1. Name the pairs: first residue in the range 261-283 and touching a residue at least 40 places away in the same chain (Cβ under 8 Å) and surrounded by 17 or more Cβ atoms within 10 Å (Cβ to Cβ), second residue assigned to a helix (DSSP H, G or I) and aliphatic (A, V, I, L, M), Cβ to Cβ under 6 Å, at least 6 apart or on different chains?
2. Do we find a residue being outside the structural domain of residue 304 (by TED's automatic domain parsing), more than 28 Å from residue 29 (Cα to Cα) and more than 20 Å from the chain's Cα centre (by Cα) anywhere in the range 97-111?
3. Please find, within the range 331-352, the residue that is modelled with the lowest pLDDT out of those that are in a loop (DSSP other than H, G, I, E, B) and surrounded by fewer than 16 Cβ atoms within 10 Å (Cβ to Cβ).
4. Name every residue in the range 175-211 that is modelled with pLDDT of 85 or more and under 27 Å from the mean Cα position of the chain (by Cα), in order of residue number.
5. How many residues, within the range 227-248, are in contact with a strand residue (DSSP E or B) (Cβ under 9 Å, 6 or more places away or on another chain) and surrounded by fewer than 18 Cβ atoms within 10 Å (Cβ to Cβ)?
6. Taking the options 136, 100, name whichever one is under 23 Å from residue 21 (Cα atoms) and without any contact (Cβ under 8 Å) to a residue 24 or more places away in the chain.
7. Of all the helices (runs of 4 or more DSSP H) wholly in the range 105-186, which have at least 2 residues that are surrounded by 19 or more Cβ atoms within 10 Å (Cβ to Cβ)?
8. Specify which of the listed residues (64, 83) is in a strand (DSSP E or B), closer than 21 Å to residue 23 by Cβ, of a type in the set (A, V, I, L, M) and in contact with a strand residue (DSSP E or B) (Cβ under 6 Å, 6 or more places away or on another chain).
Amino acid sequence: MEVLRIALVVPGMPQSSGGPSVAVAALAERLCDAGHEVSIVTADLAPYGGPPGPMVEVDKRVRMQLFPVRSRWDRRMYRSVEMRHWLQRAVRTFDVVDIQGVWSFIAVDTTRACLHAGIPYVLTPRGQMARWDWAQNPWQKRAFFALFLQKVWRSAAVIRFLSEGEARQSRVGEGTRGVVIPNPMSLPVERDARHYTDGFRGEVRIPSDAPVILFLGRVTAQKGVLELVEAFDQLWRRRRDAVLLLVGPLDGAYGAAVAARVNRLSSRANIHMLGPLYDERKYGVLATASLFATLSKNEGLPIAALEAMAWGLPVVLTDQSNLPEVPEYNAGATVTLSQSGALTDTLERLLADPAQLKEMGQNARRLIEERFTWEKVLPQLLSVYERVVRGNSAAPPAVLNEAHEYGA
């Protein structure tokens with residue numbers, strides 16, 4: 001297989017964005033492992049255009065092209081003038097470009113540069129074209145799509161959905177260019193994580209026999225965290241030993257509303273809002289939890305749920321999480337948000353049967369092993385890249401030596 005020069009274009013790579021940033025960094029590393037030349041082209045943006053804070057660590061073999069965003073207006077628009085100018089010159093050095101996400105001028109500017117240079121691109125919407133996402137600021141998104149994004153969508157060589165559900169829920173059809181390739185996941189090397197569990201329970205003062213429900217991700221309306229908190233409060237009235245861990249950055253006013261609501265609940269002593277955790281502390285919560293729960297209203301494919309299953313945790317999800325494999329493998333349960341009390345009843349039923357929880361956890365890990373490992377998924381994605389490159393008639397010139405580093 002020939003070496004491909006691949007650009008992954010993403011608006012930002014901050015730790016605060018959670019799964020998407022981690023997924024891009026992991027993909028870049030695995031593509032390097034496969035012998036390809038990989039660049040991440042990104043800007044100093046965080047969700048909602050805020051300051052990025054610490055960035056996700058990226059493999060040293062990956063060429064990072066990090067660009068500034070100068071004005072408040074450009075932050076709102078997810079746009080970097082420097083990135084646009086660099087792309088116009090340098091996009092010819094790539095064989096294929098993979099654009100992550102759609103609602104940004106970074107996606108629009110990258111598309112224009114690719115089309116001008118004759119470089120094919122793959123579009124990975126990451127759930128952003130679903131009807132639920134469109135319903136957030138619908139008039140602005142309709143206008144943006146009509147004026148800018150329509151050509152981005154229609155000119156893509158391939159549109160990569162992360163799940164069949166994401167493809168079905170897409171607000172705009174992909175024609176014959178759609179493929180479904182999921183997020184891949186690494187299995188934890190260490191199967192016995194007792195030292196993570198003991199250390200974390202001691203740190204947070206969780207009794208050794210207390211059942212622990214874990215939410216991991218951004219505390220946003222999309223994840224239904226308020227509904228999860230209310231369901232847990234009802235569960236706590238039936239099981240006073242249950243503990244809820246909320247792990248992830250708070251999302252603006254919504255995150256503040258979650259924190260305020262937790263402080264008013266009778267169960268507040270059993271709810272731990274831990275903020276974002278990384279590395280061994282994150283492993284601690286994964287090893288400590290009895291099960292993982294999220295009430296996603298829209299997902300391409302939830303990375304946190306896949307990560308939890310890789311650690312052998314059963315999961316409780318909504319059908320909008322686009323993981324029908326969970327009931328298929330008996331790796332957890334799915335609930336419907338419209339059914340009042342369904343989540344509380346499901347959590348109580350699962351926690352009441354430790355033997356069933358253990359079996360579901362084993363099934364969850366087996367699901368990841370059989371469907372979502374890098375060994376299963378990466379060949380599919382490379383096949384798409386190779387097909388796109390073979391179908392392109394342009395012949396990019398030699399790789400430019402120029403590297404535009406932010407702050408240089």
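The values are calculated or read from the model by the stated rules, or taken from the named source; none is laboratory data. Not measured: the values here are computed from a predicted model. Cβ coordinates were reconstructed from backbone atoms using ideal geometry, including for glycine residues, and neighbour counts include every protein chain displayed.
1. 271/262; 272/204
2. Initial filter on the range 97-111 (outside the structural domain of residue 304 (by TED's automatic domain parsing)): 97-111.
Imposing the further condition that a residue be more than 28 Å from residue 29 (Cα to Cα) reduces the set to none.
There is no residue in the range 97-111 that is outside the structural domain of residue 304 (by TED's automatic domain parsing), more than 28 Å from residue 29 (Cα to Cα) and more than 20 Å from the chain's Cα centre (by Cα).
3. Of all residues in the range 331-352, those in a loop (DSSP other than H, G, I, E, B) come to 331, 336-341, 352.
The next check asks that each one be surrounded by fewer than 16 Cβ atoms within 10 Å (Cβ to Cβ); those that pass are 336-341, 352.
Details: 336: 84, 337: 72, 338: 66, 339: 66, 340: 57, 341: 75, 352: 94.
Among those residues, the one meeting the criterion is 340.
4. Answer for the range 175-211, where residues must be modelled with pLDDT of 85 or more and under 27 Å from the mean Cα position of the chain (by Cα): 177, 178, 179, 180, 181, 182, 183, 184, 185, 186, 187, 211.
5. Here is the first cut: in the range 227-248, the ones in contact with a strand residue (DSSP E or B) (Cβ under 9 Å, 6 or more places away or on another chain) are 228-229, 231-233, 235-236, 242-248.
Next, only the ones that are surrounded by fewer than 18 Cβ atoms within 10 Å (Cβ to Cβ) stay: none.
Residues that pass the stated criteria total 0.
6. Values: 100 fails: without any contact (Cβ under 8 Å) to a residue 24 or more places away in the chain.
Criteria check complete, one pass: 136.
7. Details: elements: 105-117, 131-134, 138-144, 150-154, 164-169.
It comes to 105-117, 131-134, 150-154, 164-169.
8. Details: 83 fails: in a strand (DSSP E or B).
Only one candidate passes the filter, namely 64.
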